[in-house]
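Laboratory data are not the source of any read-out in this text; all were calculated from the coordinates shown. Bear in mind that the values here come from a model prediction, so they are computed numbers and not experimental data. Neighbour counts run over all protein chains shown; Cβ positions are idealised from the backbone, glycine included.
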Amino acid sequence: MVVLQKLFGWTNLLQRVRVSCLLCGNSTPLEQRLCSDCLSLLPSNRNACERCSEPLPFDVDGLCVECIQHPPLFDRCIAPLRFDYPVNLIVHAFKFKGELGYINPVSDLLWEYIQRSYEYDEWPQALIPVPLHPKRFRQRGYNQAELIAKRLSSQSAIPMLDGAVRRTRYLRPQQGLPKSGRYKNIRRSFAVDGDMSLKHVALVDDVVTTGATVTEITRVLKQAGVQRVDIWCLARTPLD
Ligand SMILES: [Zn+2]
Ligand SMILES: [Zn+2]
């Protein structure tokens, strides 16, 4: 009982600890490393394609030209933010500078958006983070997609399947490659061992740019028997 009281006291105390917002420096609770003002000012991906979440230049409901002409292999993409300032700074900070305090606030924002998006839709049976090549994992020490998926898994109670998809080729960074080059570069870079018994999964990543990586993983998952693949990501890059 004393232990419980002590623990309860600590939890209470932790809830009252305040730190500086990672973006603006204003005071914010320890659990929420981005203050509510900064979170509400992030660029929303409100006008986006219903299928691939590509930001659209104007306010219309429906599909982008690409999805009408060549629908993607994946079935649905959820992306609450546009990859614009300051989302680009946040992603750079947690991806390349080890500033992992950003992960929970942005994952929580994604989770709120996911709940609204699945109100009339079927939930996936498992979450699969986009894997890093083991060499890149050793360099970085963590996989940011896995950290986001872990947070989403604990909130949604949907199991995370880590290791279901393996990266088989070490690639030079895709930045700077044109869209067609990215698709070519990423081919045969992923593998699924054996058949998957799951019918519906969600692939989790931080940012979807051209969609080449998630499309290629969707291809190997569907070859292994998965029928539906949704993409859950924080942000999508607007077309050039
Ligand atoms: Zn702030
Ligand atoms: Zn689209």
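Mean residue ellipticity at 222 nm from the helices of the chain, using -39,500 (n - 2.57) per DSSP H segment of n ≥ 4 over the full residue count, to the nearest 500 deg cm²/dmol?
One gets -11000 deg cm²/dmol as the mean residue ellipticity at 222 nm.
Along the axis of the charge dipole computed for the chain (Cβ charges of +1 for Lys and Arg, -1 for Asp and Glu, origin at the Cα centre), the listed residues Pro124, Phe190, Ile78 are led at the positive end by Phe190. The tail of the calculated P(r) for the chain beyond 21 Å holds 60 percent of all Cα-Cα pairs.
Treat every Asp and Glu Cβ in the chain as -1 and every Lys and Arg Cβ as +1, leave all other atoms uncharged, and give the resulting dipole magnitude about the Cα centre to the nearest 20 debye.
Rounded to the nearest 20 debye, it is 1160 debye.
Proximity of backbone amide H atoms, modeled 1.01 Å from N, is registered between Cys35 and Leu22, Leu23, Cys24 at under 5 Å, excluding neighbours fewer than 5 places apart on the same chain. Across Val130, Val226, Val208, mean-square fluctuation computed from a Gaussian network of the chain (C-alpha pairs under 10 Å connected) peaks at Val226. When the chain is described by a simple charge dipole with +1 on each Lys and Arg Cβ and -1 on each Asp and Glu Cβ, the residue from Gln155, Gln139, Leu234 located farthest towards its positive end is Gln139. Under a 5 Å amide H cut-off, with hydrogens placed 1.01 Å from N, Trp232 pairs with Ile78, Leu203, Val204, Asp205 among residues at least 5 apart or on other chains.
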